[in-house]
Amino acid sequence: MASVALNVRPLDGTHYRVSGGQSPHLVDMMASTCDCNDFEIRGVYRTPPSCKHLRAVTHFLAADPQGPMLDALTDKQTLDVVDPSHGEGYEPYVVIPIDPEDKAVAMAAVEEWLKWHDVKPKPNGYYSLWRAACEAYAGKDAERDPLPSAAEHYAIARAWVAELGQQGRVA
């Protein structure tokens, strides 16, 4: 019987979602319970109560003992724990507005990259297009983050596209 790699995703400080098997399961580490059939049938009779999902969370927690504490915190609270002085002596970060033209150029690079990513790499600009697409994806991800990095990623993507323009077209 083959072993399946289980993925553990913290939901808060005590609840975890374990996926990778037939279906995802909810583990409550405070109560030492799991909603899987194995736990309901055999797990409650084991000492301590156990199933593969509880063991996966236990291994996950052992790998990073601070993880459960930090998982339950907001980004600002996490910064306060990791570096309580982060606000003292530092300039407060300023949200940099996203330049719509930078974002448009970056997203156009993604569309162009999607057309070319399965084709054999070309020496005349393929690398720049790939880098622009990577920065565009990073900018898209960063838009969900309160820190001001999305605008920077889009500007970097636009710079890679400008370099592509200096090198010539991909085709």
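Please indicate, with yes or no, whether at least one residue in region 133-147 is at pLDDT 75 or above and over 19 Å from the mean Cα position of the chain (by Cα). No, region 133-147 contains no residue that is at pLDDT 75 or above and over 19 Å from the mean Cα position of the chain (by Cα). Within region 101-132, the set of residues being modelled with pLDDT of 75 or more, surrounded by 11 or more Cβ atoms within 10 Å (Cβ to Cβ), among the hydrophobic types (A, V, I, L, M, F, W, C) and over 14 Å from Glu163 (Cα atoms) comprises Ala104, Met107, Ala108, Val110, Trp113. Inside region 86-100, residues that are loosely packed, with under 11 Cβ neighbours inside 10 Å and either at pLDDT 65 or above or not in a loop (DSSP other than H, G, I, E, B) (or both) make up a count of 4.
Scanning region 25-53 for residues that are within 25 Å of Thr74 (Cα to Cα) and within 24 Å of the chain's Cα centre (by Cα) returns His25, Leu26, Val27, Asp28, Met29. Taken over region 1-57, the criterion of being of a type in the set (Asp, Glu), exposed (fewer than 15 other Cβ atoms within 10 Å of the Cβ) and in a loop (DSSP other than H, G, I, E, B) is satisfied by Asp12 alone. Where the second residue is of a type in the set (Ser, Thr, Tyr) and the first is under 21 Å from Arg17 (Cβ atoms) and lies in region 35-56, which pairs have Cβ atoms under 6 Å and are six or more apart or on separate chains? Within 6 Å, the pairs are Gly43/Ser50; Pro49/Ser32.
The values are calculated or read from the model by the stated rules, or taken from the named source; none is laboratory data. Values in this document were obtained by computation on a predicted structure and should not be read as measured data. Cβ coordinates were reconstructed from backbone atoms using ideal geometry, including for glycine residues, and neighbour counts include every protein chain displayed.
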